[in-house]
Amino acid sequence: MTPTARRAAAAPMSHRGAVATMLGATLLWSIAGIVTLRLEAARSFEVTFWRSFFNALALLVLLPWLRGPQRLWRALWHGGQTLWISGLCWSVMFTAFMLALTLTGVANVLVTMALAPLLTALMARFALGQRQPRRTWATVGVAGAGILWMYAREASAADARQLLGSVVALAVPIAAAINWTVIQASREAADRDLLPAVLVGALISAALTLPLALPFAGSSHDVALLALLGVAQLAIPCLMSVAAARALSAPEVSLLALLEIVFGVAWPWLAGHGAPAAHVLGGGLLVIGALAVNEALALRGRVVRPSTA
């Protein structure tokens with residue numbers, strides 16, 4: 001990539017462009033479930049390791065191409081506390097999700113992840129002093145209700161193992177809230193590049209899960225699918241989300257990320273695994289409707305404000 005192209009890629013995007021980019025990221029994130037259904041033998045920590053390993057491998061190619069090798073290593077070396085906090089958050093998100101799934105049901109994990117927008121809005125309020133508009137709080141409530149409607153019938157914590165799984169899953173929305181808030185705060189420093197934080201997170205996750213993944217049980221078929229996940233479901237969409245987060249508020253990013261859950265329900269349906277239940281469809285439509293109204297009001301506010309100044 002030429003220096004001119006790199007500068008264009010690093011330039012802040014418009015609000016509409018950021019929303020579209022975040023939608024694309026959630027669509028790619030959501031393929032995890034449908035792809036892992038096709039795994040033959042790889043499970044648990046092995047899945048997490050290979051995803052993170054191929055994520056890191058892809059980023060070692062993508063980041064030098066996007067930023068140039070010198071800028072990448074300079075960002076890693078001089079990134080400071082912000083980059084490493086963000087990297088640690090990514091590692092928690094990469095690892096805790098899969099670990100939680102080995103301890104409790106998918107429904108418990110997804111309902112727990114639905115706390116992310118509320119935690120992010122609260123964190124942005126207290127850490128950045130931001131006052132969120134009423135529509136944001138309303139959207140958080142409606143979207144959260146939609147997720148609960150989708151999965152409350154299936155979610156349970158009947159035993160200690162399931163309760164532990166829900167506690168582990170709680171690390172995902174907490175880490176996400178910290179991460180989106182940190183990324184938004186970094187907008188004040190135009191020269192601070194947090195794309196390499198995704199690489200840091202992938203390396204930490206792979207290093208932590210490697211000892212627990214041995215001995216490997218996955219077939220070459222499994223490794224190929226996990227390579228696909230590492231590149232297309234982690235590396236690319238995570239870079240997209242970091243770029244989008246520079247132009248969106250932290251709560252807005254977290255709200256849009258809920259679409260990963262809705263899209264994740266849609267993939268098995270489209271692949272012929274049966275139509276989702278009425279409460280899943282109803283909850284998904286509630287989430288999509290709330291987010292659509294929120295974004296429409298946000299865009300309307302951006303159009304009206306200049307004309308009334």
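The values are calculated or read from the model by the stated rules, or taken from the named source; none is laboratory data. Bear in mind that the values here come from a model prediction, so they are computed numbers and not experimental data. We place every Cβ from the backbone using ideal geometry, glycine too, and count neighbours over all the protein chains shown. To get the accessible areas, we keep the full protein, side chains included, count just its heavy atoms, and leave off ligands, DNA and RNA. Shrake-Rupley method; radii C 1.70, N 1.55, O 1.52, S 1.80 Å.
Only Lys, Arg, Asp and Glu carry charge here, each on its Cβ (+1 for the first two, -1 for the last two); on that basis the chain has a dipole of about 1000 debye about its Cα centre. With the Kirkwood sum run over all distinct C-alpha pairs, the stretch 35-124 has a hydrodynamic radius of 15.7 Å. If R0 is taken as 41 Å, the Cβ-Cβ distance between residue 185 and residue 221 corresponds to a FRET efficiency of 0.45. The Rg/Rh ratio for the stretch 77-132, using Cα coordinates for both the radius of gyration and the Kirkwood hydrodynamic radius, is 1.09.
Looking at the stretch 117-179, none of the chymotrypsin sites (Phe, Trp or Tyr not before Pro) sits in a DSSP loop with at most 15 other Cβ atoms within 10 Å of its own Cβ. The modelled label-to-label distance between residue 161 and residue 81, using points 7 Å beyond Cα along the C-beta direction, is 4.2 nm. Rounded to the nearest angstrom and listed largest first, the equivalent-ellipsoid semi-axes of the stretch 191-245 from its Cα gyration tensor are 26, 15, 6. Once the Cα-Cα distance is subtracted from the 0.36 nm per residue extended length, the residue 232 to residue 152 segment shows a gain of 25.8 nm. Normalised by the number of residues in the chain, the average gap of Cα pairs under 8 Å and 6 or more apart makes the relative contact order 39 percent. Sorted on the mean count of surrounding Cβ atoms within 10 Å across their residues, most packed first, peptides 163-175, 240-252 read 240-252, 163-175. In the context of the full set of protein chains, the chain has a per residue accessible area of 46 Å² (1.4 Å probe). Normalised by 2.2 N^0.38 Å, where N is the number of residues, the C-alpha radius of gyration of the stretch 160-300 stands at 1.25.
When nucleic acids and ligands are ignored and a 1.4 Å probe is applied, residue 208 ends up with an accessible area of around 110 Å². With 0.36 nm allotted per residue and the present C-alpha distance subtracted, the residue 296-residue 61 stretch has 80.9 nm of extension available. Remark: the chain is approximated by an ellipsoid whose semi-axes, taken from the C-alpha gyration tensor as √(5λ), come to 29, 27, 18 Å, largest first.
Peptides 68-78, 282-292, ordered by how many other C-beta atoms sit within 10 Å of their residues on average, highest first, read 282-292, 68-78.
Take the Cβ atoms of residue 38 and residue 74, set R0 to 45 Å, and the FRET efficiency comes out at 0.65. Of the residues 293, 145, 23, the one whose Cα sits farthest toward the positive end of the charge dipole of the chain, with +1 on the Cβ of Lys and Arg and -1 on the Cβ of Asp and Glu, is 293. Dividing the helix sum by the residues of the chain, where each DSSP H run of 4 or more adds -39500 (n - 2.57), gives a mean residue ellipticity at 222 nm of -25000 deg cm²/dmol.
Once the Cβ-Cβ distance of residue 278 and residue 142 is raised to the sixth power relative to R0 = 22 Å, the FRET efficiency obtained is 0.75.
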